[in-house]
Amino acid sequence: MADDEPLNHESFERLLEWLNPDRDKAWEKYQEIWERLIKIFTWRLGRRVEELAGEVIRRVEQKVPDLVKKYSGDPARYFYGVAYTMLREVTREEARFLEFQEESGVGGIIYPVDPEEVDVDELKLECLNYCLEQLSERDRKIILAYYQFDPKTKLEDRKQLATELGLSSSALWTRVSRTRSFLLKCVQSRLQESGRVH
Amino acid sequence: MEEPHEEQQYARKFLLGYLNEAEQRIVEDRFITDPDYLELVLGVESELMEDYIAGEFSEDERKRFEKHILTNQLQIDQLNLTRGLRAAARVHASANSPPVPAETTPIAPQRRRRASQLWAVILEVNLSAAIILVMACGTTLFVVWRIHTSNPQPSLAEELKRLNAQQSLSANTRYQGFIIGPLKGGLVRDEQEVKAFTIPKTEELVQLRLQIGAGAYQSFQAALQTAENQELFSLTDLKAITIGGERVVVIYVPAKILAPEDYQLRLNGLTQNNETVYLGRYNFRIVGK
């Protein structure tokens, strides 16, 4: 969804401009916000996540002309505020729906994804190796070191890694998180190129 | 303000669905007011994915993780990325062990040189270093002696059998342990380069990955020997799998039995007609832990 063509190109451009005058930085920020909106809806609802995140973007997009004049602070917070409002709306709606279901005897509505689908096939690993090669040497070393740990000493290992890199633990996570986002998009793109869209 | 560890525990409870409605709202309120807190929860979710992959959850936690976190394809993609990065990190760590070219350091002559130079080394280095060296050699000999005198040690045989049961070679176990390989086989002892590996002290399991050709074998037999042809163990009924587009036989070995030493693994294939075909030797060196 984040990569889809927005409904209104002009208003979307305004939104990007509001995020950051530098187009590349704005796009990076937008991707970061999008990913966090997905997480917020995933953690609370677990479904319709892209639809709801898209709705947040649309609502904020419409408000941008006012926000430019009146809002100060990190734009991400405004997106999360809208997401919060939407969460309340959706949970209220679903509570009513569940009530109706109980009264009418309709069954449950939660269908978690089958964990059997969770697998790394060989093609994905090959794609991942390719994408790791696209990283800077430093980022590649950091993410491989981050995931080379012993479960029993993971926290200490990562603290030590952060110290060696001259970063705080949270700064290390932020860096790893950004690299993960890049890798995920890169792997998906490679899978699409190879005709293996999942 | 809570301590970071407590905050992580609370975020963990939130993500696994242990909190009631009011408590969930408190967490969500913080997402809006405190972007750092959102980052903290993201980090905790990532750690939960690592724990899930490592099989460290209780049954209840596993079910909650699947119900509350694995709820859509995006989450599954994230989990697969974590699994892939763990695998890549392990392969990277094993690949970074420096290879030793065979033509300059063939196994048998090097071992002879090592023995003949032992006293020279003792004389050259300080006394404490020599004592450490002797103790290390003694420990190695003791481990090998323990393995051979019990011939095979029942618990080791059982452990090897359990580790290499074919049903365990699922996607979940495929990336467990320190990976040695993929090793290239050769028909004679010194025709191949010998790769050296340092097993991290924290690793309890080692995967030996043996490259095999395209031959159609119903199963494989493997025997691990020291450079002096002392057999540590043998296994039958091994199956080939494909990893990274390559056909390999994977053998799981407890890390504790691989002392710093040179090793040869002999591999046979069993044809459809039940004929045993010698497929070659795979040499590797453990240089430390």
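Residues checked against (1) in contact with a Phe, Trp or Tyr (Cβ under 8 Å, 6 or more places away or on another chain); (2) closer than 15 Å to A:ILE38 by Cα; (3) outside any helix (DSSP H, G or I); (4) at pLDDT 50 or above:
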position	(1), (2), (3), (4)
A:LEU52	yes, yes, no, yes
A:GLU55	no, yes, no, yes
A:ASP66	no, no, no, yes
A:GLY73	no, no, yes, yes
A:TYR84	yes, yes, no, yes
A:LEU87	yes, yes, no, yes
A:THR91	no, no, no, yes
A:VAL106	yes, no, yes, no
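Residue count for region B:28-53, restricted to those that are over 28 Å from A:MET86 (Cα atoms) and free of Cβ contacts under 8 Å to residues at least 24 places away in the same chain: 1.
Taken over region B:218-241, the criterion of being closer than 18 Å to B:PHE284 by Cα, acidic (Asp, Glu) and part of a strand (DSSP E or B) is satisfied by B:GLU231 alone.
Residues checked against (1) surrounded by fewer than 19 Cβ atoms within 10 Å (Cβ to Cβ); (2) of a type in the set (Lys, Arg); (3) over 30 Å from the mean Cα position of the chain (by Cα); (4) more than 10 Å from chain A (Cβ to nearest Cβ):
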{"site": "B:ARG12", "(1), (2), (3), (4)": "yes, yes, no, yes"}
{"site": "B:TYR37", "(1), (2), (3), (4)": "yes, no, yes, yes"}
{"site": "B:GLU56", "(1), (2), (3), (4)": "yes, no, no, no"}
{"site": "B:PHE65", "(1), (2), (3), (4)": "no, no, no, no"}
{"site": "B:ASP77", "(1), (2), (3), (4)": "yes, no, no, no"}
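Could you check region B:39-51 and list, in sequence order, the residues that are more than 9 Å from chain A (Cβ to nearest Cβ) and either touching a strand residue (DSSP E or B) at 6+ places or on another chain (Cβ under 7 Å) or within 16 Å of B:ASN80 (Cβ to Cβ) (or both)? Hits for region B:39-51 are B:LEU48, B:MET49. Answer yes or no: is there a residue in region A:161-177 that is more than 7 Å from chain B (Cβ to nearest Cβ), within 21 Å of B:GLY177 (Cβ to Cβ) and surrounded by fewer than 17 Cβ atoms within 10 Å (Cβ to Cβ). Checked region A:161-177: no residue is more than 7 Å from chain B (Cβ to nearest Cβ), within 21 Å of B:GLY177 (Cβ to Cβ) and surrounded by fewer than 17 Cβ atoms within 10 Å (Cβ to Cβ).
The values are calculated or read from the model by the stated rules, or taken from the named source; none is laboratory data. Treat the numbers as computed from the prediction; the structure is a model and nothing was measured. Cβ coordinates were reconstructed from backbone atoms using ideal geometry, including for glycine residues, and neighbour counts include every protein chain displayed.
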